[in-house]
Structures are given as structure tokens and as C-alpha cells.
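**Q** This is the structure I want to talk about, given as C-alpha cells.
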Amino acid sequence: MSDAIRSPNDPPSARQPRGTTAPQARGNSGAQPRSSSAGAQPRASYPSAAQAWTSIEPVDLLLVDDRTEDLLTLAHVLAGPEYRLQMARTGPEALKRLLEQDFAVILLDVVMPIMDGFELASLIKQRERSQGTPIIFLTADDANLIQIYRGYSLGAVDYLSKPLDPDVLRAKVRIFADLYRKDRRLERQSEALREGERREREVLLTELRHAAERRYLHLAEAVPLCMWTADPRGNLTYTNRYWNDYTRLPLKDLHGTSWIAAVHDPDREGCAEAWREAIASGQPLEKECRLVRGSDGVPRWHLSRTVPELSEAGQLIGWIGTHTDIEEAKRAIFARDEFLSIASHELRTPLTALKLRLQSVLHARDLPEKAQHRLDSAVHQTERLERLIENLLDVSRITTGHLELEPESFDLAEMVQEVTERFREQAARGGTVVDLSAPAPVMGKWDRLRLEQVATNLLSNALKFGEGRPIRVVVQGNAGQATLTVSDQGIGIAPENVARIFHQFERVVGHRTFGGLGMGLYIARQIVQAHGGSVEVDSAAGKGSRFHVILPR
Ligand code: ADP
């Protein structure tokens, strides 16, 4: 049996196709060994496929020839476990195969109908994926030099003439197949290396994550405030030591939203409702409520904060809840308010008596002019004191929920005009122009004295902080609401301070520069809100302020 058909599946030598195995096979270099006949035994330098490649990973070869018998001969010569052979009879068929998979070597007949070998090779080389695949051209004609050079310019790697020498063919294919295997091995090794590095990085990251989680846990255990975490739906996932010690709620009972059980009875429903809303909206929650201390059952005021925990992509991954004990602060505020309430009541009685005495002396006959002048000033100072004390009393009325309104029907435009007139003289002394626009009556049912208080506060602030520039007061009304706007062109308020100025005793100016106790706007807003209205402010530092009171009619 000839060497060309030694494979176990090989057909008998009689069926060997014409012209494919021949005494002569030519390599492009001419340095390849030549076989003298189709039936020659393998040379020592080319071990048989069965001997050398049985344990070698098979690679794919693409055989392209329009002649079936030539294809079969190639298949016979290259048969063996080291190759998987794919065959194509036309260029388009070969291209289709190349779209489906990669090949170690392509054996390409030069002379084919539809698309010749060079055309096909040029298309193969244009495709990035198949660009590097070695091509061995096969031709039955005597390849002339020009054809050979054309083959090389397309990046072909070898060129063989038919009839082929099986040994030479096998040797050439083996070299490229070997190279292909080495490339694959290298690719696999570097992939394994990359995979190893990736795993190492993952391990490192996991370790870092665990270390960070441990630190976070230690931190949560160390802080002197109640803390817990929950999943996105609000189900508890962790409570810290402080929480467990404070509430003494059995750990086994802690699940879902059971932390609510620690909230003092009267505050519980409000807290649960606010928490449900926070979960639904994904928004942070801040609420004051009393938590019952487990050791003695005493409720203590806490500032409860729950903030959403977001992933890097901004997705809600859980909640962090903290409860800061504010019992002492609450008591201090309560003591302050109580003291202010008592002090203002205590101060008011002697002050009223003092004012009455002064007024009676002032009205006495034949008082020297100088004494009259001094008494006038003393009465004026007692009136200032009276206003301060009234404000203090109002603050304590508001904090204890005792601010009462006495509504009556009146014209807001007329009332504001009266208050403005009272200010005109004081404004003129400082060179400030007060411009009032109240073109039509704005009737409504409100507490007149309280709204006078509001208008007085806004006007006196505009004078105090208006830097002597013109002040504009506007009263308007429509079917649903009445509005009072007081605008100045003075020092203005920085945006970060706007919300603060409506709180008790909050001031954003130096006490030495501008007198005041920071009660006016707090009281004004509470009065307007008690009427169902609102106070808004438009301001910027150095740009003046515009206070806008809206009252329902
Ligand atoms: P007080 O005027 O006694 O300080 P208010 O409650 O009336 O108290 O005002 C609180 C603070 O708001 C003021 O101290 C001041 O800082 C700021 N403020 C109020 N009105 C104005 C205004 N028209 N322009 C600039 N700042 C103002």
C-alpha cells in the first residue's frame, strides 16, 4: 500500500484519482525533499501520522478544489487523528466555511470555475479573522513565476504543483498545523494567565470588601447611638449593640419593621406611617420620636434618621437607620421656654405698673419742659420693653400651642396703609422712602391685631436691613387670596440661611450690627400659618429681600 493511502479508512490504491499523486511534487523553495513515486514509503524524516500525532490535538484544515477526485486524494493523504478535514468545491462554499470557523491551513486549488484560487485568497486575506491563516496553493498546471509571485503578494505561504508528493504535502501541512497549535497553546496560556490574574484580583477585592465590612461593623458597634440596617423593602438586617442594649428587644423578635415596637405608644403610628412613606418614595426620613428604654420602660426623645443606601449605579440597596438621643436637648429647650414664659409674665406686671406711673407723671401740670422730654423718652423705652416681652410671651404661646386667633372682617389694604403710615416718620428720619401700592380694598376675615403684628415685623425688618434704600409695600387680592409683599434693596439673605430665619431665635446678622432677638419672623410665620396662609421669601446676599405673605380669603 502506498504511503498516500495508509490511513485505516483509505480506499484501495486502485481508486486513487488520476494526476494527484505523482513522482514529482514541488515546494516553492525548491529545497523540499522530493518523493520519487506515489507508492514510495515514508522517509525517516517524516514520521507517520499514526506514530507522531496520536496524542496531538486535532486541528481543522480546509481543502478547496473543484475536482472531487482531487479532494478525495488530499483527504487520503492527510487522513489521520491529527486533522479534521473540511472540504469545499467552490470559492463561495469555502468562504461560507470560513465564516463558520477558523482553520489551521487552507489548501487551495488555483484553477477553479466561478472564483479562482487567487480571487478567493484575496477575499480570505481581506477578512480580519482569516487574515493570518496560511494558504497552500495547489495547481495542476506548471506554475509559472508570475503566478507564484501573485500568490506570495496575497500572503500565501506556500505553493505546490500537482501531482502532489504525499510526503511533501504532509510535511508542509504539518509545519503549519504545528505552528497553529503552538499559537493556540500560547493563546490559552495567556488566557489562563489573565484568568489567574482576574481571580487574584477578585480574591483581593473580596478580602478588601470583607475588611471594609468588618470595619463598618466595628464602627457601628462602637458608636453611642442606636443603629440598624434594613433591606430595600425596609426589613431589618442588622441592629447594633447600642440598640440591643437600649431597647432590650429580644433579638429573635427583630425582623421586618419590628424596630417600630421600640417607639413610644403615642408616637408609634406617626413613625410607622412616615417610615412606610420613606420606603415607598426612597427618600430619607428625619423625625423626632420617643424610644422606650428597655431597662426601665422610660421613653426618651430621639432624632430618628433613615437614609437610603445606594449602589454605585444609584440603585436602592438598603436603608441605614440611626436614632440619636436628644432627651437632654429637648429638656433644655423645654426649660428655656418655661423660663421665658415665666420671666415674661413676671416682667410684664411691674412694667405695666411702671408705664402707668410714668404716664400719670407725664400728664401732671406745670412739668418743666426738660423733665417732660425725659419722661417721654422713658415711656417710649417702656413701650419697647413691652413689645419685647409681648414677643417672648407669643413665642411661649406658640410653643405650648396657645396662640389663639380672633377673626373679624376688615380691609387688609386699609390696615397695611395704617401700619405704613406709622413707619413713615421713622423711615423719613433715616432718609428711606416707603412706597405703598394698595389700589383697592381687600376684604377678608382675619385676626386684625395679629396681622398688624406681621406687617409691623416685615416693615421694621425692611427698615432695619434695607440700608436706607426705598421700600415697596404692595397689597393685592383676588377671589381666593390676599397678598402682602414687602420688598427692600438692603443686605439680603444668603440662600443657605433663608430657611433658618423663620426659626425661633435664629438670626443671620451680627448682634452688634443689628439689634433683635430673632423672634419676629418666627411669630409672623406662625400667625400666617394659623390663618392657613404662608410666608415666602425671595432674596440673595446684597440684593435685597422680598417677603411675600399669602392669606386665604
Ligand atoms: P430680628 O429682626 O429681631 O433679628 P426676625 O425674626 O424678624 O428677628 O428676623 C430674623 C433674621 O432674619 C434677622 O436677624 C435677619 O438676619 C434676617 N432678616 C429678616 N428680615 C430681613 C431683611 N428684610 N433683609 C435681610 N435680612 C433679614
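**Q** Out of the residues in region 154-166 that are among the charged types (D, E, K, R) and either in a loop (DSSP other than H, G, I, E, B) or at pLDDT 95 or above (or both), state the one that is nearest to V59 (Cα to Cα).
**A** D165
**Q** Would you check if L285 is closer than 26 Å to E452 by Cβ, surrounded by 12 or more Cβ atoms within 10 Å (Cβ to Cβ) and at pLDDT 90 or above?
**A** No; evaluated as a whole, the condition is false for this residue.
**Q** Residues of region 235-262 being surrounded by fewer than 19 Cβ atoms within 10 Å (Cβ to Cβ) and in a strand (DSSP E or B), which ones?
**A** Across region 235-262, the qualifying residues are L236, T237, Y238.
**Q** Please enumerate the residues belonging to region 541-551 that are within 12 Å of the ligand (Cβ to nearest atom) and touching a Gly at 6+ places or on another chain (Cβ under 8 Å).
**A** A541, G542, K543, G544, S545 - these are the residues of region 541-551 that are within 12 Å of the ligand (Cβ to nearest atom) and touching a Gly at 6+ places or on another chain (Cβ under 8 Å).
**Q** Another question, then. Going residue by residue through region 477-484, is there one that turns out to be part of a loop (DSSP other than H, G, I, E, B), touching a strand residue (DSSP E or B) at 6+ places or on another chain (Cβ under 9 Å), more than 12 Å from the ligand (Cβ to nearest atom) and closer than 28 Å to L403 by Cα?
**A** Yes; the residues of region 477-484 include at least one that is part of a loop (DSSP other than H, G, I, E, B), touching a strand residue (DSSP E or B) at 6+ places or on another chain (Cβ under 9 Å), more than 12 Å from the ligand (Cβ to nearest atom) and closer than 28 Å to L403 by Cα.
**Q** Mind listing just one residue for me: the one in region 511-525 that is open to solvent by 40 Å² or more (accessible area, probe 1.4 Å) and within 11 Å of the ligand (Cβ to nearest atom) and, of those, nearest to T400 (Cα to Cα)?
**A** R525
**Q** Turning to a different aspect of this structure: Please go through region 490-499 and pick out each residue that is near the ligand (Cβ under 8 Å from one of its atoms) and open to solvent by 40 Å² or more (accessible area, probe 1.4 Å).
**A** Quick first cut of region 490-499, residues near the ligand (Cβ under 8 Å from one of its atoms) only: 490-493, 497.
Hit for region 490-499 is I491, nothing else.
**Q** Considering each residue of region 485-497, count those that are closer than 30 Å to D411 by Cα and either in a helix (DSSP H, G or I) or in contact (Cβ under 8 Å) with a residue 60 or more places away in the chain (or both), and give that number.
**A** Total satisfying the criteria: 3.
**Q** Quick one: in region 526-540, of everything that is over 18 Å from T456 (Cα atoms) and in contact with a strand residue (DSSP E or B) (Cβ under 7 Å, 6 or more places away or on another chain), which residue is farthest from the ligand (Cβ to nearest atom)?
**A** Once the filter is applied, the top-ranked residue is G532.
**Q** For region 458-471, enumerate the residues that are within 45 Å of the chain's Cα centre (by Cα) and either surrounded by fewer than 19 Cβ atoms within 10 Å (Cβ to Cβ) or within 7 Å of the ligand (Cβ to nearest atom) (or both).
**A** N461, A462, K464, F465, G466, E467
**Q** Within the group H323, H345, which residue is in contact with a helix residue (DSSP H, G or I) (Cβ under 8 Å, 6 or more places away or on another chain), open to solvent by 50 Å² or more (accessible area, probe 1.4 Å) and in contact (Cβ under 8 Å) with a residue 12 or more places away in the chain? Show your work before the answer.
**A** Details: H323 fails: open to solvent by 50 Å² or more (accessible area, probe 1.4 Å).
Every option except H345 fails the conditions.
The values are calculated or read from the model by the stated rules, or taken from the named source; none is laboratory data. Please read these numbers as outputs of a predicted model, since none were measured by experiment. In this analysis, Cβ positions are derived from the backbone assuming ideal geometry, glycine residues included, and neighbour counts consider all displayed protein chains. All accessible areas refer to the heavy atoms of the entire protein, side chains included, with ligands and DNA or RNA removed. Shrake-Rupley method; radii C 1.70, N 1.55, O 1.52, S 1.80 Å.
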